[in-house]
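Report on the structure given below.
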Amino acid sequence: MQKIKLPNNLQTTINFHSSYCELHTFRKNGQDVVKPVQRMVIDGEVVCPRCRKEAQEKKLEQVENTKFKQLEQLRRYNTLYKESHVSDATILTATFENYTTECEEQGINLNSMKRYCEQFKEGSVFNIILQGNPGAGKSHLAYAMLQELNNHDRDAVPKKTCLFVSVDEMIRLIKDSFSNKDSKYTEHYFTDLLSNVDYLVLDDLGAETGAIDTGKSATNFVQSILYGVMNARQDKVTISTTNLSGKSLFNMYDKKLVSRLLRNPQYVIFKDTKDKRMEQIPF
Ligand SMILES: [Zn+2]
C-alpha cells in the first residue's frame, strides 16, 4: 500500500515535555485540588494540551456568540418586514421621501412626523394619533416612520423592533385561527407580539368593526385584545391611524381603552376632516 505523504505544513511533531501545567483543578471533598497536566512539545512549541483545548473552545464559543447576536439583530430588524400585516401592499414602499404633499397641511404633517421620529430616536416615548379621511396618507406616514426608526438603530444592541398591523386584518386572522388549527395567528400570538415590539403602528383603528359612523361599538373580543396590548405598552410608543373622530372612538371603544390609546399623545390631524374635537378631549 502506498504511504500517504502529508504536505509539509500539515506534518506535526508531538513529544512529551518534562514540565507540568498546574492551572487545572478538580473538586475533592469540597476542595479544589490541583491536577498537574504534563506539557507537550508541539512543533517545537511547549504547550499545555488542556490549556490549548480550553482556549480553542473559548474562541469557538465567542464565534458562536457573535453569530447568535448577529442573527438576533437580523431577526429584530426583520420583524417589520416579516411580521407586519398591511391591508394595502403599496404601503410597504412608503418613506418620508416619497410622501406626496398636495396641500400645505400634508407638508406640515409630514414635518411633524419627521420631528416626532427624531424625538423617538433620541429616546422620547409618547403616542401618536393620525386622524383624518381615507386617502390622506396616514398609513403612509406611519409606515415611513417605522422604516426610518428600523434603519436608524440597525447596529444597536438590543436593536429596537418595529411592527405595522392593520387592526382589521389582525382580527380577521385571529378569528380564522379558531377554525384553522394550523394557523400561527392566534390571539396569543398577536397579543404577545404587539405587546413586546418597541414601536407599534395600529393601522385603521375602528375599521375592524365595519361600523364607522354608525355608532356601533366594537365587540368585547376586539376590545379585550386591544386593551391587553395597550395595557402592556404603557412605556412604549404606539402610533394609531384612524378615520374616526375622538368622539367616535369613545362611542366605539371602552373609555379605559381609549384613554390608554390616547395616553400622552401627539395628534396629526388632516384638515379635510375639519375635526378638531380630538384636541379637546380632556385627560
Ligand atoms: Zn494548562
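The values are calculated or read from the model by the stated rules, or taken from the named source; none is laboratory data. The structure presented is a predicted model; accordingly, all values stated were derived computationally and were not measured. When we count neighbours, we look across all protein chains shown, and the Cβ atoms used for this are built from the backbone with ideal geometry, even at glycine. Quick note on the areas: whole protein, heavy atoms, side chains included, nothing else; ligands and nucleic acids left out. Shrake-Rupley method; radii C 1.70, N 1.55, O 1.52, S 1.80 Å.
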Self-check item: Alpha-carbon Rg with Dmax, taken over segment 95-137, Å
Solution: 11.4, 32
Exercise. Considering only protein heavy atoms, with the full assembly of protein chains and a 1.4 angstrom probe, order M113, M40 by accessible area, largest first.
Key: M40, M113
Exercise. List the relative contact order of the chain as a percent without decimals, with contacts defined as Cα pairs under 8 Å and 6+ residues apart.
Key: 19 percent
Self-check item: Pair V157, N133: separation of 7 Å Cα→Cβ label points (nm)
Solution: 5.1 nm
Quiz item: Hey, what number do you get for the chain at 222 nm if only DSSP H runs of n ≥ 4 count, each worth -39500 (n - 2.57), divided across all residues, to the nearest 500?
Solution: -13500 deg cm²/dmol
Exercise. Please give the FRET efficiency for T101 paired with Q62, using the beta carbon to beta carbon distance and R0 = 45 Å, rounded to the nearest 0.05.
Key: 0.35
Quiz item: Around Y20, which amide H atoms from residues at least 5 apart in sequence, or from another chain, sit under 5 Å from its own amide H, with H modelled in the peptide plane?
Solution: R39
Quiz item: Placing +1 at every Lys and Arg Cβ and -1 at every Asp and Glu Cβ, with all other atoms neutral, what dipole size does the chain have around its Cα centre, in debye to the nearest 20?
Solution: 1220 debye
Practice problem: With a 1.4 Å probe and every protein chain left in place, tell me how much accessible area V46 has, in Å² to the nearest 10. | Solution: 70 Å²
Self-check item: Inter-probe distance in nm under a simple model that places probes 7 Å from Cα toward Cβ, at Q234 and K181
Solution: 3.9 nm
Quiz item: What percent do you get for the relative contact order of segment 21-80 when only Cα pairs under 8 Å and 6+ apart count?
Solution: 18 percent
Quiz item: Taking square-rooted eigenvalues a ≥ b ≥ c of the alpha carbon gyration tensor, is segment 21-80 rounded, prolate or oblate, where a/c under 1.5 means rounded and, failing that, a/b exceeding b/c means prolate?
Solution: oblate
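Pairwise over distinct Cα atoms, reciprocal of the mean inverse distance: report the Kirkwood radius of segment 84-278 in Å, one decimal place.
In segment 84-278 this quantity evaluates to 17.0 Å.
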Exercise. Assuming a ≥ b ≥ c are the square roots of the Cα gyration tensor eigenvalues, decide whether segment 76-170 counts as rounded (a/c under 1.5), prolate (otherwise, with a/b larger than b/c) or oblate.
Key: oblate
Self-check item: Cα-based Rg of segment 1-126 normalised by 2.2 N^0.38 Å, two decimals
Solution: 2.22
Self-check item: Karplus (6.51, -1.76, 1.60) ³J(HN,Hα), θ = phi - 60°, over segment 229-244, in Hz, Gly and Pro reported as x
Solution: 5, 5, 5, 7, 9, 5, 10, 10, 7, 10, 10, 10, 10, 7, 8, 7
Quiz item: Number of Lys-Lys pairs in segment 21-80 under 27 Å by Cα, sequence gap 8 or more or different chains?
Solution: 11
Quiz item: Hey, what angle do you get for helix 104-121 against the long axis of the chain, alpha-carbon based, 0 to 90 degrees rounded to 10?
Solution: 30 degrees
Exercise. Grab the Cα-Cα distance for I108 and K121, subtract it from 0.36 nm times how many residues apart they are, and report the gain in nm with one decimal.
Key: 2.7 nm
Quiz item: Ranked highest first by average number of other Cβ atoms within 10 Å, how do 20-26, 254-260, 52-58 line up?
Solution: 254-260, 20-26, 52-58
Quiz item: Residues with beta-carbon under 10 Å from that of N127, excluding N127: net charge, scoring Lys, Arg +1 and Asp, Glu -1?
Solution: +4
Quiz item: Pulled fully out, how much extra length does the chain show between V46 and E22, if you take 0.36 nm times their separation in residues and subtract their Cα-Cα distance?
Solution: 7.2 nm
Quiz item: What angle do you read, to the nearest 10 degrees and between 0 and 90, between the alpha-carbon axis of helix 187-196 and the longest principal axis of the chain?
Solution: 80 degrees
